[in-house]
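Below you'll find the structure, written out as structure tokens, and then a few comments.
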Amino acid sequence: IDELLGPGFAPYRELRRMATIGQCREWMTELYRCVMESSFGQRSSKSHKLYEAAKRLIHERFADSELSIDAVAGALYIDSSYLRKVFKREGGMSVSDYLTYVRMQKAKELIGVGELKLTVIAEQVGYSEAGYFSKWFKKHFGVTPSEYENRKRR
């Protein structure tokens, strides 16, 4: 209450200062609006914190081929359907699309750096099969990993 309405908030003292019922009604309406705005703000803030925590977890564990929506939700002690809903609302994309995005961005960084084989890059970004990784890379960037590497070297 101190954070929201200020220290020493005393509603009866405030009401006694008012001369008419109309003033009391306006004051109470404003008080209600203030509390409701704060309440909704905290909900979205909690959602945003959950969204950020999920993103952090994905960035930390993207290389784990077993990482899934259920694993992320479990690590955050929430239901996976709730995570899907919050993630979509806060980030505008699904959890699985974000995981793929993170993996593909990291793969793009690794291709052409040193002489890493495609199978090694695939494993380092969370894919146990190089063929499956190549399929997703092409779907994401429109070119195969080999084509991307050739373009990068030119």
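The values are calculated or read from the model by the stated rules, or taken from the named source; none is laboratory data. Note that the structure is a prediction, hence the values are computed from the model and not measured. Reconstructed Cβ throughout: ideal geometry from the backbone, glycine too, with neighbour counts over all protein chains shown. Remember, those area values only see protein heavy atoms, side chains included, never the ligands or the DNA or RNA. Shrake-Rupley method; radii C 1.70, N 1.55, O 1.52, S 1.80 Å.
Points worth noting:
- Using θ = phi - 60° in the Karplus curve 6.51 cos²θ - 1.76 cosθ + 1.60, the 3J(HN,Hα) couplings for region 17-32 round to 6, 7, 8, 10, 5, x, 5, 4, 4, 4, 5, 5, 5, 5, 4, 4 Hz; x is entered for Gly and Pro.
- Note on region 69-137: semi-axes of the ellipsoid equivalent to its C-alpha gyration tensor, largest first and rounded to whole Å, are 28, 12, 10.
- Accessible surface, per residue, of region 32-149 when the full set of protein chains is kept, probe 1.4 Å, Å²: 59 Å²
- Per residue, the convex hull spanned by the Cα atoms of region 15-76 measures out at 87 cubic angstrom.
- Between the listed residues Ser96, Gly112, Val72, the Cα displaced farthest toward the positive end of the dipole of region 70-154, a dipole computed from Cβ unit charges relative to the Cα centre, is found at Gly112.
- Measuring between alpha carbons in the structure, the pairs from Lys55/Lys138; Lys55/Lys135; Lys88/Lys139; Lys49/Lys152; Lys46/Lys152; Lys85/Lys138 lying more than 30 angstrom apart are Lys49/Lys152; Lys46/Lys152.
- Whole-number percent relative contact order across region 21-122, with pairs defined as alpha carbons under 8 Å at least 6 apart: 21 percent
- Residue-wise HN-Hα coupling along region 136-146, computed from phi with Karplus coefficients 6.51, -1.76, 1.60 (Hz; x: Gly, Pro): 5, 4, 5, 5, 6, 10, x, 9, 6, x, 5
- At 1.567 mPa s and 4 °C, Stokes D of region 1-141 from Kirkwood alpha-carbon radius, µm² per second: 69 µm²/s
- Those chymotrypsin sites (Phe, Trp or Tyr not before Pro) in region 69-137 that DSSP places in a loop and that have at most 16 other beta carbons within 10 Å: Tyr77
- Sorting Glu90, Glu26 by solvent-accessible area of protein heavy atoms yields Glu26, Glu90, largest first, with a 1.4 Å probe.
- Candidates Glu66, Glu30, Glu123: whichever shows maximal mean-square fluctuation once the chain is modelled as a Gaussian network with Cα springs under 10 Å: Glu30
- Only Cα sites of region 104-154 enter the Debye sum here, all with the same form factor; the resulting log10 I(q)/I(0) across q = 0.27 1/Å is -1.08, listed in q order.
- Here region 1-124 is treated with +1 on each Lys and Arg Cβ and -1 on each Asp and Glu Cβ, and its dipole about the Cα centre works out to around 380 debye.
- When a 1.4 Å probe is rolled over the protein heavy atoms, the share of accessible surface on region 1-147 that falls to carbon and sulfur comes to 54 percent.
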